[in-house]
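Encoded as structure tokens, the structure appears first; notes follow it.
Just so it is clear, none of the values below were taken in a lab; they were calculated from the coordinates. This structure is a prediction, so every number in the text was calculated from the model and none was measured. All Cβ positions, glycine included, derive from the backbone under ideal geometry; neighbour counts span all protein chains shown.
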Amino acid sequence: MAGFEPQIIAFCCNWCTYAAADLAGTSRMQYPANVRIVRVMCSGMVSPLYVLKAFEGGADGVLIAGCHLTDCHYIDGPVKCDAMVAKLRDMLHVLGLEDERLRREMVAASEGVLFARVIREMVEQLKKIGPSPLKARTEALA
Amino acid sequence: MNLEDIIKGTNTYYCLECGKCTSVCPVARYDKSFSPRMLIENALLGFEDELVLDRELFSCLTCYMCQSECPSDVDFPVFIREARSMAQGRGQHGVCAHSGQLQSLARLMTSPAIKQRRLEWLSQEYRVSETSDTLLWVGCAPYFEPMFEDIGFSALGITKASLKILNLLGIEPKLLANERCCGHDALWTGDIETFKKLAEHNAAQIKEAGVKKIVFTCPEGYRTFKLDYPNYVDLDCEVQHFSELLAEKMGNKSGISGKLQEIRKKVTYQDPCRLGRQMGVYDAPRKILESIPGIELVEMKHSGPESICCGTSAFTNCDAYSNMLRAERLSEAVETGAELLITSCPKCQTHFRCAQVDKGEEHRPIPKIEVMDLADLVASAIGGGGKSSKRE
């Protein structure tokens, strides 16, 4: 898959992962520019529809990243998020999507290094498995 | 399609303004701002904005109650469907239940490149055949499975039970590995574009599979294939609901009546709108229930053609009124003294189960009764099989 640049939509929690991404930037860490970050107030507020819409819009991968279990600004956001992701993952599996396309991470505000590593890993994996099969949705069958 | 075409195509000009539609409408009984007659009048007076931008447009259950009463034979459900497709064109979608995941999944399934893993549940226990000319439609069940786990509903349980019964009848059906959503919900929420793509994809696959007959465990798929697909795609196939097939086979020699064990239970039956009023199948499920030894069938206050909808259609505009409607229907079921509420539609079951675990219960009590699919009941009578109620 030469020249394929995956597009990743990342839903990042305002209190930690978004700050971690900021930290990675201000510390001048290098990571691929394939990610579009959407800031959300908590990983627990990410609706399954956001993820599905991202795939509908042609994303190759979706990352949901937020606080660690005990760090949540709203007490139990990550628990909610995990429950949602588990359900959604089952549905995406039936739909035939590779597991790697939906990634769930916990990245604290101080973990800029981890954020950069997650993005690097994800881009690498997505390059290996190629574009999302849902991308061709709009062109074909018409 | 414009307003005038819709009016012409659905006999709306013949409306007598008698208001029978509104008086029998289950939604209008609770939601005082919803009026089928008003929607029709708005169309006839040319008030397009009032019609298509009204939130209530998506509250209609398309349960066909109004249409069965209308003296002028106005096709109100189709009128609503066409008006919704106009509304979609203007950015109105109704409020989708479950955050709109099911609608999104239907849209995603229009992608030709996907290779679904929808048959992973299929084990050695069930016999299927690649060469069979009978197809068992699995439909949304593999997607419903994770989605409705928390309300104790297993849609695949119904599929498994049906497959078990078919096997016992000597039928080894074919299953399609990559079938798409039938498009019922897309069609009824006015998303014609998605519906057309799904229909074309399914029709092509069915043609390729070379099947002569399709059996449905879900009345929505059954209706869609029988009444709506012919308007969009060319499909030369016999379609049948599972209950019709089973009722047919109950009596004859290869039937299973002799193999049924006794179940001592009083049950009542919910006619799904799609199977009852729309397809006219009332007797088949009752015949099946009566042939299970020990089962006593008692009817609810409203049954058969008068039966009340489970409260939500196409997973749209599921609100407090829907829940009031469900509470009413569930109390009718409880009043019969039955221990089991049998239905033959997976969606009726999700809605009735959902209402019973609803968190707002302290404000309005919801009557409790166990809900079960007809196929599950028959499967338990032949011993084992899938179970769509809670997996302990």
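Could you bin all the Cα-Cα distances of chain B into 10 Å bins starting at 0 and give me the percent of pairs in each, rounded to whole numbers?
Values per bin, smallest distances first: 5, 23, 33, 26, 11, 2, 0.
Can you give the charge dipole size of chain A about its Cα centre, rounded to the nearest 20 debye, using +1 on the beta carbon of Lys and Arg and -1 on the beta carbon of Asp and Glu?
For chain A, the charge dipole is close to 200 debye.
Can you say what percent of the DSSP beta bridges in the protein assembly as shown, counting only those with both residues inside, are antiparallel? Round to 5.
Beta bridges within the protein assembly as shown, antiparallel portion: roughly 5 percent.
What is the helix-to-structure angle for B:242-251, meaning the angle in degrees between its Cα long axis and the longest Cα principal axis of chain B, kept from 0 to 90 and rounded to the nearest 10?
Compared with the principal axis, the helix lies near 40 degrees.
How would you rank B:E306, B:E145, going from fewest to most other Cβ atoms within 10 Å of each one's own Cβ?
By the 10 Å Cβ count, ascending: B:E306, B:E145.
Karplus couplings for the stretch B:101-115 from phi (6.51 cos²θ - 1.76 cosθ + 1.60, θ = phi - 60°), rounded to Hz, Gly and Pro as x?
My calculation for the stretch B:101-115 gives 4, 5, 5, 5, 4, 4, 5, 5, 6, 6, 5, x, 7, 6, 10 Hz in order.
Among A:M122, B:C310, B:I366, which residue has its Cα furthest toward the positive end of the charge dipole of the protein assembly as shown, with +1 on Lys/Arg Cβ and -1 on Asp/Glu Cβ?
Of the candidates, A:M122 comes out farthest on the positive side.
Counting only residues 5 or more places away or on other chains, whose amide H sits under 5 Å from the amide H of A:L102 once H atoms are built in the peptide plane?
Amide H neighbours of A:L102, under 5 Å, 5+ apart: A:V62.
Apply 1/(1 + (r/R0)^6) to the Cβ-Cβ distance of B:E120 and B:E41, taking R0 = 45 Å, and write down the FRET efficiency to the nearest 0.05.
Efficiency computed from Cβ-Cβ geometry: 0.30.
What are the ³J(HN,Hα) values, in whole Hz, obtained from phi via the Karplus relation 6.51 cos²θ - 1.76 cosθ + 1.60 with θ = phi - 60°, for each residue of the stretch B:136-146 in sequence order, with x given for Gly and Pro?
Whole-Hz 3J(HN,Hα) from phi for the stretch B:136-146: 9, 7, 8, x, 7, 3, x, 7, 5, 3, x.
Tell me what chain B gives for mean residue ellipticity at 222 nm when only DSSP H runs of n ≥ 4 count, each as -39,500 (n - 2.57), the sum divided by the residue total, rounded to 500 deg cm²/dmol.
Mean residue ellipticity, 222 nm, calculated: -11500 deg cm²/dmol.
Of all DSSP beta bridges located in chain B, what percent are antiparallel, nearest 5?
Taking every DSSP beta bridge with both residues in chain B, the antiparallel ones total about 10 percent.
Output the antiparallel fraction of DSSP beta bridges having both residues in the stretch A:8-134, as a percent to the nearest 5.
In the stretch A:8-134, DSSP labels about 0 percent of beta bridges as antiparallel.
Distances longer than 14 Å among the Cα atoms of the stretch B:3-89: what percent of all pairs is that?
More than 14 Å apart: 57 percent of the Cα pairs in the stretch B:3-89.
Taking H as built 1.01 Å from N, whose amide H comes closer than 5 Å to the amide H of B:V138, not counting residues under 5 places away?
B:L176
What's the percent breakdown of Cα-Cα distances in the protein assembly as shown across 20 Å bins, shortest bin first?
The calculated distribution, bin by bin, is 21, 51, 26, 2.
Between their Cα atoms, which of B:K197/B:K359; B:K174/B:K265; B:K164/B:K265 are more than 27 Å away from each other?
B:K197/B:K359; B:K174/B:K265
Would you be so kind as to identify which of B:V281, B:I295, B:Q67 lies farthest towards the positive end of the dipole of chain B, taking Lys and Arg as +1 and Asp and Glu as -1 on Cβ and the Cα centre as origin?
Result: B:I295.
When the Debye formula is applied to the Cα atoms of the stretch A:8-134, each taken as the same point scatterer, what base-10 log of I(q)/I(0) results at q = 0.21 Å⁻¹?
-1.22
Name the residue, out of B:D54, B:D185, B:D376, whose mean-square fluctuation peaks in a Gaussian network model built on chain B with Cα pairs under 10 Å.
Comparing B:D54, B:D185, B:D376 in a Gaussian network model of chain B, the most mobile one is B:D54.
Quick one, could you list the DSSP H helices from chain A stretching 18 Å or more along their long axis (Cα atoms) with average Kyte-Doolittle hydropathy of -1.0 or above?
A:77-95, A:112-129
Residue by residue, what Karplus-based ³J(HN,Hα) values in Hz, rounded to whole numbers, does the stretch B:190-195 have, using 6.51, -1.76 and 1.60 with θ = phi - 60° and x for Gly and Pro?
Calculated HN-Hα couplings, in order: x, 8, 5, 4, 4, 4 Hz.
Tell me which residues come under 5 Å, amide H to amide H, from A:V38 once H is placed; ignore anything under 5 positions away on its chain.
A:A10, A:F11, A:C12
Starting from the Cα of B:D73, step 7 Å along the direction of its Cβ; do the same at B:K8; then give the gap between the two resulting points in nm.
If labels sit at B:D73 and B:K8, their model points lie 1.9 nm apart.
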